[in-house]
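K.L.:
This is the structure I want to talk about, given as structure tokens.
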There are 2 protein chains.
Amino acid sequence: MKNIDSWISISENSDFSIHNIPFGIFSTKNDAPRAGVAIGDQILDLDAAAELGVFNSLDFNPHVFKRETLNDFIALGKEITSAVRVLIQQELTNPDSTLKTNSNVFISQVEAQMHLPVFVGDYTDFYSSIEHATNVGTMFRDPNNALLPNWRHIPVGYHGRASSIIVSGVNVHRPMGQTIAPDAKAPKYGPSKRVDFELEMAYIIGKKTNLGNTVKVENAEEYIFGKVLFNDWSARDIQKWEYVPLGPFLAKNFASSISPWIVTMEALEPFKVAGPEQKPKVLPYLEYTGERNYDIGLEVAIQPENGEETIVSTSNFKYMYWNMAQQLAHHTMNGCNINVGDMMGSGTISGKSKDSYGSMLELSWAGKNPVKLGDGSERKFIEDNDMVIMRGFCESDEIRVGFGEVRTKLLPVK
Amino acid sequence: MKNIDSWISISENSDFSIHNIPFGIFSTKNDAPRAGVAIGDQILDLDAAAELGVFNSLDFNPHVFKRETLNDFIALGKEITSAVRVLIQQELTNPDSTLKTNSNVFISQVEAQMHLPVFVGDYTDFYSSIEHATNVGTMFRDPNNALLPNWRHIPVGYHGRASSIIVSGVNVHRPMGQTIAPDAKAPKYGPSKRVDFELEMAYIIGKKTNLGNTVKVENAEEYIFGKVLFNDWSARDIQKWEYVPLGPFLAKNFASSISPWIVTMEALEPFKVAGPEQKPKVLPYLEYTGERNYDIGLEVAIQPENGEETIVSTSNFKYMYWNMAQQLAHHTMNGCNINVGDMMGSGTISGKSKDSYGSMLELSWAGKNPVKLGDGSERKFIEDNDMVIMRGFCESDEIRVGFGEVRTKLLPVK
């Protein structure tokens, strides 16, 4: 039986088990945003817990829990943040915990509003799923040479827009943009007709570097605080016209949605698995040892307005060709500096089978094979008022550690 | 005679005339970073001036001058920031000003250390010089179709790295990276052999928008606080190998240097000029009226270690095909939000003549025609310990308004 050992009631299939303890920022009607931990269907108010003296045995100033983002907490370093997590686990399993008799430290998740957990200074998006890159290359370039020559040598990535990162629950408007019809001579201005999700995960940087310094593959995990689900909204028709030669821009920067709870690397540790074989051999600065991928089940659902949701993709983070340690070593090998709160996206996570593709572009094969929803309707891309829901979780016989959801509705053009 | 009307001594060829009044952040040996204004070879300490009551007639809290960045000052809005600038001009020309008898409010520029003037949340780089885009397209693609099909329709741009923006005076190390030799089958890891400058200017956002909102061309100037010189360091060999399909990444994010003084749009107003004709006609959301370009003379010098500097490029900001208002309207037309302190680069500013090209890539035509320096040495790209200096200024018979310098030494690999 899972979750048997906490005195707090946690359902067996909860993402937020005693083994998880993810951190986020929440607010309630009368109180300002502050730090919390998700446990079952509750939030443990860390500021309130600190006022009870729960963290007195640890050497840090719990004022960090009063902030509107987790950056200052995360910047304390893993020695402290890990100890906080372990102490919370102990308190929630200790029948004599002060928390048990102070029910005001718990808030029902349905009564709280979640906020962006961190201030993101810089956001980078990688392109690290070989299945995704192959699918896109097959559709848009040459099926026989789907992967570009650099792909197996470089964890290809690019900079994204940090200002338009939003948290689950914030809706997005269909973007306007320039697009060009296949045989047209000139572009047109109008609403994107190919709004798409991208099923991704992102990691949050937990330790800064100074300009000129590097992070080695073997030390990369020191610099990663935790992970979130990430829907990298994309306008395929805008992207197609604008992206040469400097990469995607307005096709991506109208919104990027993340789940509100950061699941720590400590919580994900039991779910490490081997990654795919990398051929040809990578350059020495990208070589790694041990298991660096993570078995995280992922799913995407589309829910039309007033309708039921249909799961349109079932994927897994373990498919990633390039792992996070390699991405970070590559990102910093030229001395590029990173800051606490920076976000690094995985790129769309597609598996080998057609039902594991991580975007409508791939699932509908650029619109050629519309995806059927449970209500009988079809989707080539996302339609106005569709809710897109992504979920992710790790599960063994003994443990479940999940991410909750990132849920975003696509509203009509504003 | 220029600058005749101030009681402070300002040389006739100073960039920092009474007509300029640019804002920056400086520190002195014993005092923390704070806001100042450059005037002649002095800095007016705005915090010290505020303590004398100089700004008492204006409705704002002068504590903004105590901050380590100008973001909070700029966020007050142009009504305030313009009034502050005008008031400083009045004080510096009023022979009875309190400032005149309080010499402690002035610090010699040589005794001060300059800092990044703003915290940059997001940095975008455009690619708006038609001469530069044509040169690059001619070298790397097809001389007969040098411009890509989207170039005359879209102010092409992409997101850059905000964390590695540095101020003039901070040195840069030659970056390591992956590159591939012309006929090689596999890439190598090593120091970049083609480190280059890019002569650019950047503008600083002065007013935020919310996600989903747009900025129209006709209102764009409301959102622009001022401009700086910008050296967008580039590693051409890394760029060539990594940039498909998502754009430049490590080739750019090892450092981006800016000049320390933000010259306001008010100071640049007298130097507005017409831009080049845009053919074909742009889409309506990019149409503009009036003069939207600026006549800003630009130059780049290379100074070898222990040597004299040689001017290698003389360009002008007026050459830009796409103006700042168009860039900003395009950037936000999909609802992408902007924040105070965001930085928008112009892209390399090349003119028509060979001595006006804004990068070594163009000046040496990818290394084929090395550039001669005054000491008899030659440069295809930038060598270790070379200092790259960029300057910019506007000048009429009556007025000189300049940017000072952005000066960065390229150090060997760290």
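The values are calculated or read from the model by the stated rules, or taken from the named source; none is laboratory data. All of these numbers come straight from a predicted model, not from anything done at the bench. Cβ coordinates were reconstructed from backbone atoms using ideal geometry, including for glycine residues, and neighbour counts include every protein chain displayed. In case anyone asks, the SASA skips ligands and DNA or RNA and just uses the protein heavy atoms, side chains included. Shrake-Rupley method; radii C 1.70, N 1.55, O 1.52, S 1.80 Å.
K.L.:
What is the count of Lys pairs in segment B:1-146 whose alpha carbons sit under 22 Å apart, if the two are 8 or more places apart or on different chains? Don't skip to the answer; put the middle values down first.
P.N.:
Values: B:K2/B:K100; B:K29/B:K66; B:K66/B:K78; B:K66/B:K100.
Within segment B:1-146, the lysine pair count is 4.
K.L.:
How well do other chains shield peptide B:111-124, expressed as the mean number of their Cβ atoms within 10 Å of each residue Cβ? List each step's numbers first, then the result.
P.N.:
Details: counts 0, 0, 0, 0, 0, 0, 0, 0, 1, 2, 7, 11, 3, 4.
Rounded to a whole number, the mean comes out at 2.
K.L.:
Placing unit charges on C-beta atoms (Lys and Arg positive, Asp and Glu negative, everything else neutral), compute the dipole magnitude of segment B:123-411 about its Cα centre in debye, rounded to 20.
P.N.:
On the way: 30 positive and 35 negative charges, 201 e Å.
The calculated dipole for segment B:123-411 is roughly 960 debye.
K.L.:
Counting only the backbone N, which residues of segment B:296-334 are under 15 Å from the spot 7 Å out from the Cα of B:T289 toward its beta-carbon?
P.N.:
none
K.L.:
Taking the Cα centre of chain A as the origin and placing charges on Cβ (Lys, Arg +1; Asp, Glu -1), which of A:A202, A:L148, A:V120 is farthest toward the positive end of the dipole?
P.N.:
Farthest towards the positive end: A:L148.
K.L.:
Further, regarding this structure: Please report the spacing between the Cα centers of segment B:250-309 and segment A:329-363 in Å, no decimals.
P.N.:
What the calculation gives is 34 Å, centre to centre.
K.L.:
Applying the Karplus parametrisation 6.51 cos²θ - 1.76 cosθ + 1.60 with θ = phi - 60° to the phi angles of segment B:218-223, what ³J(HN,Hα) value in whole Hz is obtained for each residue in order, glycine and proline being reported as x?
P.N.:
Ordered by residue, 3J(HN,Hα) equals 5, 9, 4, 5, 4, 9 Hz.
K.L.:
Report the accessible area of A:E266, computed with a 1.4 Å probe over the heavy atoms of all protein chains in place, in Å² rounded to the nearest 10.
P.N.:
Rounded to the nearest 10, the figure is 60 Å².
K.L.:
How much solvent-accessible surface does A:S9 expose, in Å² to the nearest 10, with a 1.4 Å probe and all protein chains in place?
P.N.:
100
K.L.:
With runs of 4+ DSSP H residues as the only contributors, calculate the mean residue ellipticity of the protein assembly as shown at 222 nm using -39,500 (n - 2.57) per run, divided by the residue total and rounded to the nearest 500. Spell out each step's value before the answer.
P.N.:
On the way: 16 runs with 122 residues, N = 828.
Helices in the protein assembly as shown give a 222 nm mean residue ellipticity of -4000 deg cm²/dmol.
K.L.:
Continuing with this model, one more query. Under a 5 Å amide H to amide H cut-off, with H placed in plane at 1.01 Å, what residues pair with B:I39 once short-range neighbours are removed?
P.N.:
B:L44
K.L.:
Using a 7 Å offset from Cα along the direction of the beta-carbon, what are the separations from A:G53 to the same position in each other copy, nm, ascending?
P.N.:
The answer, with the shortest distance listed first, is 5.2 nm.
K.L.:
Whole-Hz ³J(HN,Hα) for each residue in segment B:173-189, computed from phi via Karplus 6.51 cos²θ - 1.76 cosθ + 1.60 with θ = phi - 60°, x for glycine and proline: what do you get?
P.N.:
8, 3, x, 7, x, 8, 9, 10, 6, x, 10, 6, 8, 9, x, 10, 10
K.L.:
For B:K352, give me every one of the aspartates and glutamates with a C-alpha distance below 18 angstrom, ignoring sequence neighbours fewer than eight places off in its own chain.
P.N.:
Once the sequence-local aspartates and glutamates are set aside, what remains near B:K352 is B:E131, B:E198, B:E200, B:E277, B:D295, B:E299, B:E362.
K.L.:
Summing both sides, how much accessible area is buried between B and A? Use a 1.4 Å probe and give Å² to the nearest 100. Let's see the in-between values first.
P.N.:
Details: alone 18430 and 18420 Å², together 31460 Å².
What B and A bury together is about 5400 Å².
K.L.:
Run the label-point distances for A:G77 please: 7 Å along Cα to Cβ, every other copy, nanometres, shortest first.
P.N.:
From this label point to the equivalent ones elsewhere in the assembly: 4.5 nm.
K.L.:
Can you compute the charge dipole magnitude of segment A:23-115 about its Cα centre, using +1 on each Lys and Arg Cβ and -1 on each Asp and Glu Cβ, nothing else charged? Give it in debye, rounded to the nearest 20. Could you put the intermediate results ahead of the total?
P.N.:
On the way: 7 positive and 12 negative charges, 23 e Å.
That gives a dipole near 120 debye.
K.L.:
Mind pulling the angle between the C-alpha long axis of helix B:130-140 and the longest principal axis of chain B? Nearest 10 degrees, somewhere in 0 to 90.
P.N.:
30
K.L.:
Taking a label point 7 Å from the Cα of A:Y189 along the Cα→Cβ vector, which residues of segment B:259-301 have an amide N closer than 20 Å to it?
P.N.:
Hits in segment B:259-301 for A:Y189 at 20 Å: B:275-293.
K.L.:
In the structure displayed, which of A:K240/B:K208; B:K193/B:K414; A:K227/A:K318 lie more than 18 Å apart, Cα to Cα? Don't skip to the answer; put the middle values down first.
P.N.:
Working: A:K240/B:K208 29 Å; B:K193/B:K414 15 Å; A:K227/A:K318 14 Å.
Over 18 Å Cα-Cα: A:K240/B:K208.
K.L.:
Roughly how far apart, in whole Å, are the Cα centres of segment B:365-396 and segment B:4-19?
P.N.:
Result: 30 Å between the Cα centres.
K.L.:
Also, I was wondering about something else. Roughly how crowded by other chains is peptide A:282-289, in terms of the mean Cβ count from those chains within 10 Å of each of its Cβ atoms?
P.N.:
Details: counts 0, 5, 1, 3, 2, 0, 0, 0.
That average works out to 1.
K.L.:
Which whole number gives the average, over all residues in A:237-248, of C-beta atoms from other chains lying within 10 Å of the residue C-beta? Walk me through the numbers on the way to the answer.
P.N.:
Working: counts 0, 2, 0, 1, 4, 7, 6, 8, 16, 14, 11, 5.
Per residue, the average neighbour count from other chains is 6.
K.L.:
Amide H neighbours of A:S313 under 5 Å, at least 5 residues apart or on other chains, H built in the peptide plane: list them.
P.N.:
Residues meeting the amide H criterion: A:V300.
K.L.:
Still on this structure, please answer the following. With a probe of 1.4 Å, find how much accessible area segment A:23-115 has per residue, and write the answer as a whole number in Å². Walk me through the numbers on the way to the answer.
P.N.:
Numbers: 4400 Å² over 93 residues.
So segment A:23-115 comes to 47 Å² accessible per residue, rounded to a whole number.
K.L.:
Please identify the chymotrypsin sites (Phe, Trp or Tyr not before Pro) of segment B:188-224 that satisfy two criteria: DSSP loop assignment and at most 15 other Cβ atoms within 10 Å. Which are they?
P.N.:
On the way: sites: B:Y189, B:F197, B:Y203, B:Y223; in loops: B:F197.
Listed in order of number, the matching sites amount to none.
K.L.:
Would you mind telling me the share, in percent, of accessible area of chain B contributed by carbon and sulfur at probe 1.4 angstrom? Mind dumping the intermediate values first?
P.N.:
Working: 7570 of 15730 Å².
Of the solvent-accessible surface of chain B, carbon and sulfur hold 48 percent.
K.L.:
Could you give, in nm with one decimal, how far B:E305 is from each other copy of that position, shortest first, with labels 7 Å out from Cα toward Cβ?
P.N.:
6.8
K.L.:
Taking the highest mean first, how do the peptides A:85-97, B:365-377 order by number of other beta carbon atoms within 10 angstrom per residue? Before the final figure, lay out each step's value.
P.N.:
Numbers: A:85-97: 15.5, B:365-377: 13.8.
Taking the mean over residues of other Cβ atoms within 10 Å, the ranking is A:85-97, B:365-377.
K.L.:
Compute the distance from the alpha-carbon center of segment A:136-209 to that of segment B:145-179, in whole Å.
P.N.:
So the two Cα centres are separated by 19 Å.
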